[in-house]
Amino acid sequence: MAMIAYKCPDIVVVVLDINEGRIAAWNSDKLPIYEPGLDEVVKACRGRNLFFSTDVKKHVAEADIVFVSVNTPTKTRGVGAGKAADLTYWEGAARMIASVSTSSKIIVEKSTVPVKTAEAIEKVLRRNCADPGVDFQILSNPEFLAEGTAIADLTNPDRVLIGGKDNPAGHAAIEQLAAVYAHWVPQERILRTNLWSAELSKLTANAMLAQRISSMNSISALCEATGADVQEVGRSIGTDSRIGSKFLNASVGFGGSCFQKDILNLVYICETVGLKEVAEYWHSVITMNDYQKHRFVERVISSMFNTISKKRIAIYGFAFKKDTGDTRETPAIDVCRGLMADGAHCVIYDPQVGADQVHQDLATPKFEWDHPARAGSAVIGRDEISIVSDPYEAAHGAHGICLLTEWDMFATLDYQKIFENMVKPAFIFDGRNTLNHAALREIGFIVYALGKPLDPFLQCAYN
C-alpha cells in the first residue's frame, strides 16, 4: 500500500491495524518490519497521502477501495487441520466491512486464499450489510513479490494480476483498480482474468517455486553421495531456456510465510475435489523440504563424532532468508530444535532478528507461527540457547558453525580470527553455499557444504 501512495500522490492511502503497538511503530522512525528501501518509501509520503491508524471502522466506511491483507494461516484443528487455510481473520474483516459500509466499495483480496474464497466473502458481505443499496465488487489481486526485494518487485513488477467477475460490474471494478497500477506499471503487464484463475495463480506460483527448491535439494543429497557439485548442476540446467536459472540453489530448506502454507492449502483443495494423486505429488514437496532440514542436522551430528551433547554450536542467521527479519517457517527453527534435542547449546546471531522473536519461535508449535494470537505463546529454550549481538561472540568457544541464512556479511567475516577462538577441530556447516570453502579449508576448518563433494575428513566420518 505504501507503494501506491508513493506512486500515486493524488490517492490517499490509510493502512489500518487493530494492533496499537504496530501502528505506533509505523508512525515512528523504526518501522516494525525490515525491508530494504521501505524506510525511504514510507518517509517520502507518510503524513502527505499515507497514514497509519487504528480507527478501522472510520476509514473503512470512508474508503472506495479496501485492500484486505489479513493472515490466512494453516488451520491447527478441525476439518483440514495441518493443510487447509484458516479464513477466520478474512471472515471477521468481511463482517466488519459490511457493518460500517454505507457506500459501494471494491474489496480486494491481497492475502493468499483458497480458490472460491471470493464467493464466500461476497455472501458474508451481502448478508451483513444493512443497506441493500450498497454494492460490493470482489477482486483478487495477489502479490508476487519476494521479501528482501519487495520494493524493487513492486516498482518494476513482472506482472500485476487482477481477477474479477465476468460481467459489466466486475469488468468496471477491474479497470478501476488497473487505473491505479497504471500510474507506474505498463498496461501490457497488468493482466486481467476471472476471480478463480487469479486466486489459483498465486497458490500455483508459490507451489512451483517451492517445488524447484525441493527438487534441487533432493539432487543435493545425490551430489554428496556421488561427488557431484550441486551448484555446477544448477548452473548447467539453468542455462536451458526451458528451465531458467532462478530457484535452482540448494539450501537447508525453504521458509517464509507462503511456500509451505500455500502448498498445504493446494494439497487440501486437491483432496477435497478427489484428486488424491495430485495432492500426494504436491505434498512430496513439503516432505522433501522437511527431509533436507533433518538431513542437515544429521550431518552435523555425524560429522562431530556422533554427539553434540553439551557442545557449543554457533548459528549464523535465523531469518528465513537475507534482507528480511521474517522468521515464519524459517529452516532455522527445525535445525535448532534438532540440535537442541541432541544436547547442543545453540548460540544464535542474526542482524535483524531479536532474542524475544527467537525464543518465541522455538516455543511455538508448528503451524501456529502465522497466527496473530500466538504472541501469547510460552517462551522456552533459554537454557538451551543464547542470543548474541556479534557473530564473533557467537563463534567464540564453539565446536561448529551452522550458516542458515545467506546474509552478505557472513561472507566477509574474519574467519582466521574466528578459527583461532574455536574448539578444534573446528567445523563449518554451510547451509546456503555462500562461503569460500577452499579458503576456509586453508585456514583449517572442516567444511560441510550442501550438495558439494565431501571434505576428506567427513568422508572418513561417514565410512
**OP:** State to the nearest 20 debye the size of the charge dipole of segment 228-462 about its Cα centre, where the only charges are +1 on K and R beta carbons and -1 on D and E beta carbons.
**Re:** 320
**OP:** Quick one: grab the alpha carbon gyration tensor of segment 271-367, order the square roots of its eigenvalues as a ≥ b ≥ c, and give me rounded if a/c is under 1.5, else prolate or oblate depending on whether a/b is larger than b/c.
**Re:** oblate
**OP:** Using label points projected 7 Å from each Cα along Cα→Cβ, tell me how many nm separate THR226 and ALA25, to one decimal.
**Re:** 4.6
**OP:** Rank the residues LYS452, LYS261, LYS123 as a footprinting-exposure proxy: fewest other Cβ atoms within 10 Å of their Cβ go first.
**Re:** LYS123, LYS452, LYS261
Original post:
Along the charge dipole of the chain, which of SER303, VAL115, TYR181 sits closest to the positive end, that is, farthest toward it, with unit charges on the beta carbon of Lys, Arg, Asp and Glu (+1, +1, -1, -1)?
Top reply: VAL115
Original post:
Just how far, in whole angstrom, is segment 80-106 from segment 218-270 if you go by their alpha carbon centroids?
Top reply: 35
Original post:
What full-extension length gain, to one decimal in nm, is calculated for PHE144 and ASP166 as 0.36 nm per residue of separation minus the Cα-Cα distance?
Top reply: 5.6 nm
Subject >> Gap separating the Cα centres of segment 309-344 and segment 3-46, nearest whole Å >> reply: 30
Subject >> Dipole magnitude of the chain, debye to nearest 20 (Cβ charges: Lys/Arg +1, Asp/Glu -1, about Cα centre) >> reply: 520
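Quick one: order TYR268, TYR89 by neighbouring beta-carbon count within 10 Å, fewest to most.
Fewest-to-most ranking of TYR268, TYR89: TYR89, TYR268.
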Subject >> Relative contact order (%) - criterion: Cα under 8 Å, at least six apart; region: the chain >> reply: 13
Original post:
Restricting the count to DSSP beta bridges whose residues both fall in the chain, what percent are antiparallel, rounded to a multiple of 5?
Top reply: 5
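Readers should treat all values here as calculations from the given coordinates under stated rules, not as data from a laboratory. Just so we're clear, the structure is a prediction, and the values are computed from it rather than from any experiment. Note that we place each Cβ from the backbone using ideal geometry, even for glycine, and neighbour counts take in every protein chain shown.
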